[in-house]
1. Are any of the residues in segment 119-137 within 13 Å of ligand 1 (Cβ to nearest atom), within 30 Å of Asp30 (Cβ to Cβ) and buried (at least 21 other Cβ atoms within 10 Å of the Cβ)?
2. Could you tell me whether segment 148-169 includes any residue that is surrounded by 19 or more Cβ atoms within 10 Å (Cβ to Cβ), under 22 Å from Ala6 (Cβ atoms), of a type in the set (D, E, K, R) and in contact (Cβ under 8 Å) with a residue 12 or more places away in the chain?
3. Of the conditions (1) at pLDDT below 95; (2) of a type outside the set (Phe, Trp, Tyr); (3) assigned to a helix (DSSP H, G or I), Ala180 satisfies every one except a single condition; which number is it?
4. Has segment 66-81 got any residue that is part of a strand (DSSP E or B) and touching a helix residue (DSSP H, G or I) at 6+ places or on another chain (Cβ under 6 Å)?
5. Looking at Glu219, is it of a type outside the set (Gly, Ala, Ser), free of Cβ contacts under 8 Å to residues at least 12 places away in the same chain and over 13 Å from Val252 (Cβ atoms)?
6. Could you check, for segment 237-252, whether at least one of its residues is touching a Lys or Arg at 6+ places or on another chain (Cβ under 6 Å) and more than 10 Å from ligand 2 (Cβ to nearest atom)?
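The values are calculated or read from the model by the stated rules, or taken from the named source; none is laboratory data. Computed from a predicted model, the values in this text were never measured in an experiment. When we count neighbours, we look across all protein chains shown, and the Cβ atoms used for this are built from the backbone with ideal geometry, even at glycine.
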Amino acid sequence: MTSIGALGENYQKFNPRAYLQNNYMPPRADFSSEDCAVPWKMRCLAEAFATGEIRGRTLIDIGSGPTIYQLLSACDHFEEIILTDYLEVNRQVLRRWLHEDPGGFDWSPYFKHACSLEGKGEHWKEKAQKLREKVKRVLPIDIHQAQPLGPSTLLEPADALVSAFCLEASSPDLESFQRALANVTTLLKPGGHFLMIGALEESYYLAGEAKLQVVPVTEADVKETLVRSGYRICQFRAYIMPPSLKIGVDDVRGIFFVNAQKQECQ
Ligand SMILES: C[S@@+](CC[C@H](N)C(=O)[O-])C[C@H]1O[C@@H](n2cnc3c(N)ncnc32)[C@H](O)[C@@H]1O
Ligand SMILES: O=S(=O)(c1ccc2c(c1)CN[C@@H](CF)C2)N1CCSCC1
């Protein structure tokens, strides 16, 4: 039985570049059809933010990793975006993108796709600049702590949370997944929305030398965990993994998108 500590130790071997190659470059980063995984994920996020119901001053991204695609449709709706991750190597990758350092990952296909989905005629470079302006902090986080951002971070609860492939990929079992959700929920204002993307029935994934354990969760597990943590589920969508995308970097069966609202009476 893997412990939280052992899982954390294993993350020390996590290779951001390998992770990006495995999941955010072809064949998985295929934008040719709306039915492909990445366009599906981005459409879920774009449509949720397009309602105008998810907005406010601050949004926190939980477990950003080395990626920013999950925030492209959020940046018009918040004044301040806070990125977080457990690993300094990932926080460095994020800072390099924010500072436009050469040699960083090319997110332009994702920005172009987001601009196309939103249909506002925005040039992708405008959106990239806007996101860079909105991201004010890149913070360390541990979702297994009661105060995931640590006791000293003077941060009022956020108006919204986003998290993609973090909770199930950081929890050794369902109980710690449930506790982690309760922990991160303390970072969200009552009435605020939590947009979560995650892996369904995945047990591992690779990131270079690292083989990371994932707690396999079903649609019912995710819904039940959210309700028990005091959320109303506004929307739940699932995507089934096509065989062509089973490329040996994980055993993911599909992905879920959930828009959940933290109930006022906690
Ligand atoms: C599968 S990656 C997800 C990255 C990115 N959000 C995405 O959509 O691809 C999981 C992330 O969870 C982070 N992580 C691992 N343990 C964590 C913990 N205890 N608390 C918060 N994040 C953790 C890892 O550093 C890694 O960046
Ligand atoms: O590209 S994805 O959106 C994707 C993207 C990221 C991840 C996974 C999948 C599964 N393993 C996760 C590890 F936690 C990370 N995609 C999900 C649907 S099937 C094809 C792959």
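1. no
2. Within segment 148-169, one or more residues are surrounded by 19 or more Cβ atoms within 10 Å (Cβ to Cβ), under 22 Å from Ala6 (Cβ atoms), of a type in the set (D, E, K, R) and in contact (Cβ under 8 Å) with a residue 12 or more places away in the chain.
3. For Ala180, the failing item is (1).
4. For segment 66-81, residues part of a strand (DSSP E or B) and touching a helix residue (DSSP H, G or I) at 6+ places or on another chain (Cβ under 6 Å): present.
5. It is false that Glu219 is of a type outside the set (Gly, Ala, Ser), free of Cβ contacts under 8 Å to residues at least 12 places away in the same chain and over 13 Å from Val252 (Cβ atoms).
6. No, there is no match, as no residue in segment 237-252 is touching a Lys or Arg at 6+ places or on another chain (Cβ under 6 Å) and more than 10 Å from ligand 2 (Cβ to nearest atom).
A quick yes/no check of all residues on (1) surrounded by fewer than 21 Cβ atoms within 10 Å (Cβ to Cβ); (2) touching a residue at least 12 places away in the same chain (Cβ under 8 Å); (3) over 18 Å from the mean Cα position of the chain (by Cα):
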| residue | (1), (2), (3) |
| --- | --- |
| Leu187 | no, yes, no |
| Leu195 | no, yes, no |
| Lys211 | yes, yes, yes |
| Lys223 | yes, yes, no |
| Gly230 | yes, yes, yes |
| Asp251 | yes, yes, yes |
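Residues checked against (1) out of contact with any helix residue (DSSP H, G or I) (no Cβ under 6 Å at 6 or more places or on another chain); (2) under 21 Å from Leu45 (Cα atoms):
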residue	(1), (2)
Pro172	no, no
Ala182	yes, no
Leu188	yes, yes
Gly192	yes, yes
Ala210	no, no
Gly230	yes, no
Pro242	yes, yes
